[in-house]
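The values are calculated or read from the model by the stated rules, or taken from the named source; none is laboratory data. Just so we're clear, the structure is a prediction, and the values are computed from it rather than from any experiment. Cβ placement follows ideal geometry from the backbone for every residue including glycine, while neighbour counts extend to all protein chains displayed. Please note that ligands, DNA and RNA were not included when accessible areas were found on the heavy atoms of the full protein model with its side chains. Shrake-Rupley method; radii C 1.70, N 1.55, O 1.52, S 1.80 Å.
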Amino acid sequence: MKMAVSQILPLIFVILITLIFILRHKSKNSIKPSSSSTQLPKSYPIFGTYFAASANKHRRLEWFTELLQNSPTATFVINHLIGPRQIITANPDVVRHILSSNFSNYQKGESIRVNLTDFLGDGIFCADGKSWKFQRQISSYEFNNKSLRKFVETVVDSELNDRLLPILSAAADGGSGNGKILDLQDLLQRFAFDNICKIAFGYDPAYLLPSLPESKFAVAFDEATKISGERSVALIPLLWKIKRFIGIGSQRDLAVFVSEVRNFAMTVIKEKNKELAEKSSLESVDLLSRFLSTGHSDEKFVTDIVISFILAGRDTTSAALTWFFYLISKNPRIEREILKEISKLSGSAYEETKEMVYTQAAICESMRLYPPVPSDSKEVRNDDVLPCGTAVRKGEKVTYHPYAMGRTESIWGKDWAEYRPERWLEWEEKAEKWRFVGRDPYSYPVFQAGPRICLGKEMAFLQMKRVVAGVMRRFEVVSAVEEGVEPVFMAYLTSKMKGGFPVMIKERLDT
């Protein structure tokens, strides 16, 4: 068997390299990306829509958005070179269908799971059926626990007041105009990483310190997320699968990074088990302690769950806050409205965040334009017809696209490109204050919707509002992005601002 594989692999490589050379040559000379193109991608026998996809691979989100904006049904079909078709949609009726109305027919499935299981194992993001229901049940119970919410408040405030604000204060210009330039995205990622590790593990990685230390675990986690995300958008998935089989290139690197992450997680779990065994009662309220204390002793199972929670809580909130502060720096009117709201705050952390309705609207509006998870896919279990009339077959993927949906005129109106928190608010004349009005989750699926809706949604808003209030009370965040340059939105499993977000920090003199 080994001899046969060794003989076949070189032949496969020769065929693939020849094919890729032909395809790249064809795509470079026959199709060029166009930001103004309104035509659906042309599909060829065997090659499908590969040529158009290859020509637009460096602007995939923008290309998909243009196609969806110009599709009468806000849905189109990609015919892959290898593998089943993929349906891309920004149609709220289709989103409702796959996430709720016909939920059981649209699952993660093997084609999606194979991209992620090396990293996430059998955690909740990869699970279907009974495994998903079980994880969802125990996770839902823990997330609705009041003591966990209080623990989250304590962790966030500690990280904010003891680490983030002192770093911003040290970098502030003090009115001199000579402040230090910081990468706010990096600081927010470190902030979120410390937070989620404390909440999930009961472990403090101390990643957000004035020295901005390196962390093997954090770096490995970031790289594993990136490479796993690249698998999901690969034009020829067979290539990365061959690399994984042989153990070369990015797939060899992924194995190293995943080993680093999982070994670290297992070490923490063993230490936590030992700690719990020495106690007569549960004193810790982190998620790991809760899972272990309720009898979930399978270390791999618990590791999978905790790694999934770190992924959910690390990059999503930091990405949302990065784009929020960028948009605020460009919109002084909205900044003034948020400052007015912050100046009136009083009471406990939880009560304060409930009062921050304009701030919540501004955060929702920034996530509309720059969603932390720009797209998500489900696999079709049985043949079906989508509400838009598109027939789908077993094994195909349906991808809904929050990034494109946030730029769809039929959902948000002709002013969709405008950053306007008021679209989330209603003015109450008697009370003389704003009231937050949520949008249909199938038109705004930033937190998913239906049975798989994000469990940590309220926790995320608590964290983001506390950060906004804490930072904006004391500091003005001034964008140091070069004038006339638009930051680039990048997407892997989660989104980022390419190259970071350079800022200058100014003390607010009126506080």
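Quick check, is N161 among the polar types (S, T, N, Q), part of a helix (DSSP H, G or I), surrounded by 17 or more Cβ atoms within 10 Å (Cβ to Cβ) and at pLDDT 90 or above?
Spelling it out, it is not the case that N161 is among the polar types (S, T, N, Q), part of a helix (DSSP H, G or I), surrounded by 17 or more Cβ atoms within 10 Å (Cβ to Cβ) and at pLDDT 90 or above.
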Original post:
What number of residues within the stretch 365-406 are of a type in the set (K, R) and crowded, with 20+ Cβ neighbours inside 10 Å?
Top reply: 3
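Being without any contact (Cβ under 8 Å) to a residue 24 or more places away in the chain and either on the phi < 0 side of the Ramachandran plot or hydrophobic (A, V, I, L, M, F, W, C) (or both) narrows it down to one of E365, E379, E341, so name that one. Spell out the reasoning first.
Working: E365 fails: without any contact (Cβ under 8 Å) to a residue 24 or more places away in the chain; E379 fails: without any contact (Cβ under 8 Å) to a residue 24 or more places away in the chain.
The conditions single out E341.
Give me the residue from the stretch 44-93 that is hydrophobic (A, V, I, L, M, F, W, C) and part of a loop (DSSP other than H, G, I, E, B) and, out of that set, farthest from S495 (Cα to Cα). Spell out how you get there, then give the answer.
To start, the set of residues in the stretch 44-93 that are hydrophobic (A, V, I, L, M, F, W, C) comprises 46-47, 51-53, 55, 61, 63-64, 67-68, 74, 76-78, 81-82, 87-88, 90.
Adding the requirement that they be part of a loop (DSSP other than H, G, I, E, B) leaves 46-47, 74, 81-82, 90.
Working: I46: 32, F47: 29, A74: 23, L81: 26, I82: 27, A90: 18 Å.
Here the answer is I46.
Kindly establish whether L238 is open to solvent by 20 Å² or more (accessible area, probe 1.4 Å) and on the phi > 0 side of the Ramachandran plot.
On the way: open to solvent by 20 Å² or more (accessible area, probe 1.4 Å): yes; on the phi > 0 side of the Ramachandran plot: no.
No; evaluated as a whole, the condition is false for this residue.
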Original post:
Which one is most open to solvent (accessible area, probe 1.4 Å), of the residues in the stretch 120-131 that are within 20 Å of N105 (Cβ to Cβ) and either in contact (Cβ under 8 Å) with a residue 12 or more places away in the chain or not in a helix (DSSP H, G or I) (or both)?
Top reply: F125
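Does the stretch 407-438 hold any residues that are of a type in the set (K, R) and out of contact with any strand residue (DSSP E or B) (no Cβ under 6 Å at 6 or more places or on another chain), and which are they? Before you say what the answer is, go through the steps one by one.
Filtering the stretch 407-438 down to residues of a type in the set (K, R) leaves 407, 414, 420, 423, 430, 433, 435.
Within the stretch 407-438, R407, K414, R420, R423, K430, K433 meet the criteria.
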**OP:** Return a yes/no flag: does the stretch 298-312 have any residue that is under 28 Å from K150 (Cα atoms), assigned to a helix (DSSP H, G or I) and either touching a strand residue (DSSP E or B) at 6+ places or on another chain (Cβ under 6 Å) or without any contact (Cβ under 8 Å) to a residue 24 or more places away in the chain (or both).
**Re:** no
Original post:
Can you tell me which residues in the stretch 301-319 are over 17 Å from E458 (Cα atoms), hydrophobic (A, V, I, L, M, F, W, C) and open to solvent by less than 10 Å² (accessible area, probe 1.4 Å)?
Top reply: V302, I305, V306, I307
Subject >> Selected residue (only one of G438, G450 is closer than 22 Å to L99 by Cα and open to solvent by less than 40 Å² (accessible area, probe 1.4 Å)) >> reply: G450
Original post:
What number of residues within the stretch 180-231 satisfy the criterion of being small (G, A, S), open to solvent by 30 Å² or more (accessible area, probe 1.4 Å) and closer than 26 Å to F125 by Cα?
Top reply: 1
Original post:
Taking the stretch 466-495 on its own, how many of its residues are touching a Lys or Arg at 6+ places or on another chain (Cβ under 9 Å) and either within 14 Å of L164 (Cα to Cα) or of a type outside the set (F, W, Y) (or both)?
Top reply: 14
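Residue under question is G470, and the condition is that it be touching a residue at least 24 places away in the same chain (Cβ under 8 Å) and on the phi > 0 side of the Ramachandran plot; does it hold?
Values: touching a residue at least 24 places away in the same chain (Cβ under 8 Å): yes; on the phi > 0 side of the Ramachandran plot: no.
Considered against the rule, which asks whether it is touching a residue at least 24 places away in the same chain (Cβ under 8 Å) and on the phi > 0 side of the Ramachandran plot, G470 comes out as no.
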Subject >> S329, sole failed condition from (1) open to solvent by 30 Å² or more (accessible area, probe 1.4 Å); (2) more than 24 Å from W424 (Cα to Cα); (3) not aromatic (F, W, Y) >> reply: (2)
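Hey, among E153, E142, E214, which residue is among the acidic types (D, E), at pLDDT 85 or above and not in a loop (DSSP other than H, G, I, E, B)? Walk me through how you get there before you give the answer.
On the way: E142 fails: at pLDDT 85 or above; E214 fails: not in a loop (DSSP other than H, G, I, E, B).
E153 is the lone residue from the list that is among the acidic types (D, E), at pLDDT 85 or above and not in a loop (DSSP other than H, G, I, E, B).
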Original post:
In this structure, is G456 on the phi > 0 side of the Ramachandran plot, out of contact with any strand residue (DSSP E or B) (no Cβ under 8 Å at 6 or more places or on another chain), in contact (Cβ under 8 Å) with a residue 24 or more places away in the chain and not aliphatic (A, V, I, L, M)?
Top reply: no
Subject >> Residue selected from the stretch 398-426 under the condition part of a loop (DSSP other than H, G, I, E, B), among the basic types (K, R) and over 22 Å from the mean Cα position of the chain (by Cα), by the criterion nearest to V373 (Cα to Cα) >> reply: R420
